[in-house]
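The values are calculated or read from the model by the stated rules, or taken from the named source; none is laboratory data. None of these values were measured; they are calculated from a predicted model. When we count neighbours, we look across all protein chains shown, and the Cβ atoms used for this are built from the backbone with ideal geometry, even at glycine. Areas reflect the complete protein model, heavy atoms only, side chains present, ligands, DNA and RNA absent. Shrake-Rupley method; radii C 1.70, N 1.55, O 1.52, S 1.80 Å.
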Amino acid sequence: MGGIKTFRDDKLSRGEDISQELLKAIEESRVLIVVFSQNYASSRWCLDELVKILDCRKSKGQKFRAVFYKVAPSDVRHQTGAFGDAFATLDQCKYKDSIGKWRKALDACATLNQCKYKDSIGKWRKALEEAANLSGWTFEEGRYETEFIEEIVEDLFAQVINPLCELHVADHPIGLESCREEVNKLLDADENNMVGIWGPGGIGKTTIAKDVFNSISHKFEGSCFLADVRSKGITQLQETLLSHILNSTLKVHNVDEGLSFIKTRMQHKKVLLILDDVSHSSQLHNLVPSPDCFSPGSRILITTRDKRWLIAHQVNQVYEVKMLDDHHALELFSLHAFKRIEPPSDYLKLAQHVIRYAQGLPLALIVLGSHLFRRSIEEWKAIIGSCKGGPQAKIQDVLKLSYDALEADLKGLFLDIACFFKGKHVARVKPILEACYDHKTMMIGIAQLQEKALIRIDDENYNGGWIWMHDLIEEMGKDIVHQESPDEPGKRSRVWSEEDVYDVLTNNIKRDLWSEALRF
């Protein structure tokens with residue numbers, strides 16, 4: 001097929017190790033396809049290739065697809081059936097000393113319980129589950145092979161060749177695949193054409209949206225990714241939307257005209273539209289005035305930090321982006337700090353310290369990892385020990401966008417929680433806040449801060465939950481107060497550390513005594 005250059009290893013000489021030519025071909029490929037057959041696991045070459053392929057997928061972000069030919073994914077995942085029988089034969093072959101490396105890539109089967117690798121079976125099992133859970137195609141008995149191959153070719157062509165402009169997603173898309181699949185499930189749901197992606201700044205909403213766009217845009221008559229909606233004018237966004245979907249230049253003179261164009265010219269177009277970083281309901285209203293302004297089958301995906309805009313626009317399906325777990329966080333950080341999927345042993349404790357600090361926030365992991373790249377252990381310790389300036393400032397700048405968008409009362413409530421009430425029970429905090437704000441303002445404010453992903457109440461019952469806030473968001477709030485008067489705590493709106501409280505009270509007492517003395 002024109003436009004696709006394939007590489008097969010059937011003409012390479014068979015040696016003890018994978019040839020450099022094959023390694024180079026794997027590293028330079030855009031798509032890596034592994035065909036799991038019943039005898040696949042009996043081949044040393046196949047297993048060595050899989051080790052390399054899985055490594056490249058993580059470090060280079062290449063697309064990976066599995067073909068399960070007359071084997072079930074569960075057999076590959078758990079090393080059962082004929083697939084497991086073939087793998088077990090490796091114990092008796094001359095490559096017995098190398099089997100541990102292959103099993104690490106594929107994972108392990110139940111028969112390994114009696115072998116010398118018993119202590120490592122948990123690690124192998126986890127790796128196998130990852131490989132078998134990746135997207136792919138399953139060939140079932142009774143189906144024509146030609147039909148099956150045509151499906152694979154059509155899918156690959158649509159995903160690799162057909163997109164005119166594939167968006168750059170991420171240098172290292174760690175943990176991204178499961179997010180994309182979850183969002184696509186919501187988009188595929190019957191009677192649903194609008195889905196929201198919600199979470200705090202820096203958590204990866206835009207990255208997920210780009211990955212979704214690349215994976216399904218070929219299924220639509222027209223597609224448009226409107227990036228950074230927050231900072232652009234409505235007429236500019238309307239023009240971009242119309243030109244991408246209609247494939248023509250259309251000048252929009254004002255918002256109402258653009259709205260009319262969208263309503264009248266999009267009704268017969270099955271489109272994929274992504275609105276990235278929506279910060280106000282007017283943006284949604286003027287770009288997607290109603291779900292039925294596009295042809296049936298259209299899909300609209302909206303990313304935002306504020307869940308309220310999704311609710312107000314009747315977006316009922318919302319995907320809440322979660323923080324990375326420690327395993328994925330360490331991988332992402334290591335790839336930026338060391339250009340490998342795990343840190344060197346002498347840096348491990350320092351890397352784990354960063355993981356605890358970032359708490360699974362991808363932005364923090366990427367920024368800190370890039371900043372620490374090729375630095376000595378002494379430099380690492382100095383940077384990690386400092387919480388001001390440098391890479392931390394870049395992280396805070398992104399998080400602070402959510403704070404800047406708050407109204408005055410809400411800013412005050414947020415700063416109170418950041419400085420005093422994180423980790424406190426709502427029942428204890430409520431009377432204190434009601435002394436500072438009226439009951440209505442306090443109740444609505446708590447709900448709004450949750451919708452903006454700045455805080456979380458870990459219980460659905462408002463009166464029975466605990467207030468949670470990401471450490472980096474808490475740090476941002478305290479830094480905002482600190483900047484009110486960096487050198488004089490007494491001039492700040494809030495004081496929370498024992499040292500500053502003592503300083504303020506002591507200085508106030510001294511000033512009061514001095515004032516009394518002057519009176520006499």
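For this structure, a couple of remarks:
- Hey, Ser485 over 19 Å from Lys394 (Cα atoms), modelled with pLDDT of 85 or more and open to solvent by less than 40 Å² (accessible area, probe 1.4 Å) or not: yes
- Top-ranked residue of the range 456-477 - restricted to ones that are open to solvent by less than 10 Å² (accessible area, probe 1.4 Å) and within 14 Å of Val429 (Cα to Cα), ranked as modelled with the highest pLDDT: Ile467
- Within the range 277-305, if we keep just the residues that are touching a Ser or Thr at 6+ places or on another chain (Cβ under 8 Å) and open to solvent by less than 10 Å² (accessible area, probe 1.4 Å), the residue that is nearest to Glu451 (Cα to Cα) turns out to be Thr304.
- Any chance Leu259 is surrounded by 22 or more Cβ atoms within 10 Å (Cβ to Cβ) and out of contact with any Asp or Glu (no Cβ under 8 Å at 6 or more places or on another chain): no
- Selection status of Ala453, part of a helix (DSSP H, G or I) and within 26 Å of Gly196 (Cβ to Cβ): no
- Residue in the range 30-53 that is within 15 Å of Leu134 (Cα to Cα), basic (Lys, Arg), at pLDDT below 80 and not in a loop (DSSP other than H, G, I, E, B) present: no
- Condition check for Glu239: open to solvent by 50 Å² or more (accessible area, probe 1.4 Å), more than 25 Å from Asn316 (Cβ to Cβ) and either among the small types (Gly, Ala, Ser) or free of Cβ contacts under 8 Å to residues at least 60 places away in the same chain (or both): no
- Of all residues in the range 54-78, exactly one satisfies the criterion of being open to solvent by 50 Å² or more (accessible area, probe 1.4 Å) and part of a loop (DSSP other than H, G, I, E, B), namely Lys70.
- Only one entry in Ala227, Ala209 is in contact (Cβ under 8 Å) with a residue 12 or more places away in the chain, in contact with a Ser or Thr (Cβ under 7 Å, 6 or more places away or on another chain) and closer than 30 Å to Tyr403 by Cβ, namely Ala209.
- Checking each residue in the range 397-437 for being open to solvent by 50 Å² or more (accessible area, probe 1.4 Å), free of Cβ contacts under 8 Å to residues at least 60 places away in the same chain and either β-branched (Val, Ile, Thr) or not in a helix (DSSP H, G or I) (or both) picks out Glu407, Lys422, Lys424, Ile432.
- Residue check for His313: over 25 Å from Leu275 (Cβ atoms) and open to solvent by 10 Å² or more (accessible area, probe 1.4 Å): no
- Sole exception among (1) modelled with pLDDT of 60 or more; (2) surrounded by 15 or more Cβ atoms within 10 Å (Cβ to Cβ) for Ala105, by number: (1)
- Test: residue in the range 132-152 that is at pLDDT below 70, over 24 Å from Lys52 (Cβ atoms), open to solvent by 30 Å² or more (accessible area, probe 1.4 Å) and in a loop (DSSP other than H, G, I, E, B): no
- Residues satisfying the stated conditions in the range 343-396, i.e. assigned to a helix (DSSP H, G or I), more than 23 Å from Gly204 (Cα to Cα) and open to solvent by 40 Å² or more (accessible area, probe 1.4 Å): Ser345, Asp346, Leu348, Lys349, Ile377, Glu378, Glu379, Lys381, Ala382, Gly385
- Checked against (1) open to solvent by less than 40 Å² (accessible area, probe 1.4 Å); (2) in a strand (DSSP E or B), Leu332 passes all but a single condition, namely (2).
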